[in-house]
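Chemist: Sharing a structure, written as structure tokens. Questions coming.
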Amino acid sequence: MGSVLVHRLRGPLETPRAARGLDALGLDAPLIGRDAELARVIGSLDRACGGAAQLARLVGEAGIGKTRLVNEFVARIRDEDPFAGVAIRHAVCSPLGEQSYGTLAAVLRSAYGIAQKADAAEAEAKVAEALAELGLPAEEADRLMPLYLHVLGLGDPNAVLKHVEPEQLRRQIFFAIRTVFERRLALSPLLIIVEDLHWADAVSLEALRFLMDRLERTRLMLLFTHRPMLELDQFGSGRISHTTLRLPPLSDTDGQRLLAAYFSHGWCEPPGRLFNRILEREGGIRFSSRRSSAASSKPAPCNAMARCGE
Ligand SMILES: Nc1ncnc2c1ncn2[C@@H]1O[C@H](COP(=O)(O)OP(=O)(O)OP(=O)(O)O)[C@@H](O)[C@H]1O
Ligand SMILES: [Mg+2]
């Protein structure tokens, strides 16, 4: 048996970084393919900006390129005039699982620039500043503040929620979140990106659904990414427009282009049919033909690069 390099865990990073990809090795590639998907997501945002809220989901296996597509989309719309005023929130669910309201908290943190490690006082100051900017009367802001702190997992410093029944608390929180969404949407279109929804907590999913059901005639776009999961297949709302894009594996030719883009930096002539061998091994072509028909109903993604980074 070969030896395995062992690392000692010291603690979480200040800012989590991507757990996959070859970027850490200094290798990158332009976006290959995915033009149609990118155009459809941009189309959804366009419709949202016109006042018809949209939900778009990017669904695909680990490493297939969901995050990459999201990043390309964000970069693209930042450069385009019609989308100049769009407020963007970007939350990523943790593979360690989210505590109740954790996913919603990530959206709030992104909105108000609250660091993961911020304490209650810091978070309160940021939220208060944001609520004032949204034009919320001071009295209402004070009343809603404990609810935002609860969502952020920062407790209830003045114990004002102590006697609120759980169901009542949930309703108050949904209302408080809806309030900030509505205020924000009155000022500009709003794009909420939630990545890795398969790791979201149940009550955050419920809150997102609640918002979708009530904000269908606003300039809201929700963009979710997740791996294929039965439970999330029905996720959505009967009310707002819903687009699901299932990302297929890159074609063989695109796989070749991707490898060429990665390795053209250092390797002029890849030795020994190397690209083909990587694609054969990781591209799923030969692999999927060996599998039983039941197993092969899910194509193996062409994600050779992604796996290397894990
Ligand atoms: N179409 C593409 N063109 C160029 N590079 C790509 C493409 N798709 C994916 N990649 C690269 O492959 C790696 C894995 O992609 P990505 O992180 O987007 O996968 P993912 O679907 O988000 O996976 P996960 O479910 O684990 O979050 C990244 O380094 C990404 O830049
Ligand atoms: Mg991802």
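Chemist: Can you compute the FRET efficiency between Arg143 and Leu13 using 1/(1 + (r/R0)^6), with r the Cβ-Cβ distance and R0 = 30 Å? Round to the nearest 0.05.
Modeler: Calculated transfer efficiency: 0.25.
Chemist: If a/c stays under 1.5 just call it rounded; otherwise compare a/b with b/c (prolate if a/b is bigger, oblate if not). Do that for segment 1-147, with a ≥ b ≥ c from the square roots of the Cα gyration tensor eigenvalues.
Modeler: oblate
Chemist: I'd like the per residue volume of the convex hull spanned by the Cα atoms of segment 22-66, given in cubic angstrom.
Modeler: So the per-residue hull volume is 99 Å³.
Chemist: May I ask you to derive the relative contact order of segment 106-197, considering only C-alpha pairs under 8 Å and at least 6 residues apart, and to give it as an integer percent?
Modeler: In percent, rounded to a whole number, it is 27.
Chemist: Hey, quick one: spin label on Ala125, modelled 7 Å out along Cα-Cβ, who in segment 166-187 has an amide N within reach, i.e. under 17 Å?
Modeler: none
Chemist: Okay, moving on. Taking H as built 1.01 Å from N, whose amide H comes closer than 5 Å to the amide H of Thr244, not counting residues under 5 places away?
Modeler: Long-range HN contacts for Thr244: Arg57.
Chemist: Same structure again: Per the helix-only calculation at 222 nm, which mean residue ellipticity applies to the chain, given -39500 (n - 2.57) for every DSSP H run of n ≥ 4 and division by its residues, nearest 500 deg cm²/dmol?
Modeler: -13500 deg cm²/dmol
Chemist: I need the shape label for segment 142-239. Rule: rounded when a/c is under 1.5, else prolate if a/b > b/c, else oblate, with a, b, c from the alpha carbon gyration tensor.
Modeler: It is oblate, given that a/c is not under 1.5 and a/b is not larger than b/c.
Chemist: For Ala111, what charge total do you get from the other residues with a beta carbon under 10 Å from its beta carbon, if Lys and Arg give +1 and Asp and Glu give -1?
Modeler: Net of charged neighbours comes to +4.
Chemist: Starting from the 7 Å offset along Cα-to-Cβ, what nm value, one decimal, do you get for the label separation of Arg246 and Leu161?
Modeler: Between Arg246 and Leu161, the label points sit 3.9 nm apart.
Chemist: Could you report segment 49-165's accessible area per residue, 1.4 Å probe, as an integer in Å²?
Modeler: Here the per-residue accessible area is 49 Å².
Chemist: Return a single number: how many Lys pairs in the chain, at a sequence separation of 8 or more or on separate chains, have alpha-carbon atoms below 27 angstrom apart.
Modeler: Lysine pairs, 8 or more places apart or on different chains, close enough: 4.
Chemist: Taking R0 as 25 Å, what's the FRET efficiency between Leu134 and Arg227 from their Cβ-Cβ distance, rounded to 0.05?
Modeler: My answer for the efficiency is 0.15.
Chemist: Also, quick follow-up: Give me the number: length gained by fully extending Gln234 to Leu169, i.e. 0.36 nm times residue separation minus the C-alpha to C-alpha distance, one decimal in nm.
Modeler: Working it through step by step, the gained length comes to 20.8 nm.
Chemist: Semi-axes of the equivalent ellipsoid for the chain, please: Cα gyration tensor eigenvalues, times 5, square-rooted, ordered largest first, whole Å.
Modeler: Value: 39, 22, 19 Å, ordered largest first.
Chemist: Between segment 143-163 and segment 28-84, what is the C-alpha centre distance in whole Å?
Modeler: Answer, in whole Å: 35.
Chemist: Further question: Mind telling me which of Glu206, Glu195, Glu216 comes out most flexible in a GNM of the chain, alpha-carbon contacts under 10 Å?
Modeler: Glu206
The values are calculated or read from the model by the stated rules, or taken from the named source; none is laboratory data. Quick caveat: nothing in here was measured; it's all calculated off a predicted structure. Virtual Cβ from ideal backbone geometry, glycine too; neighbours counted across all protein chains shown. Just the protein is used for accessible areas: all its heavy atoms, side chains included, with ligands, DNA and RNA removed. Shrake-Rupley method; radii C 1.70, N 1.55, O 1.52, S 1.80 Å.
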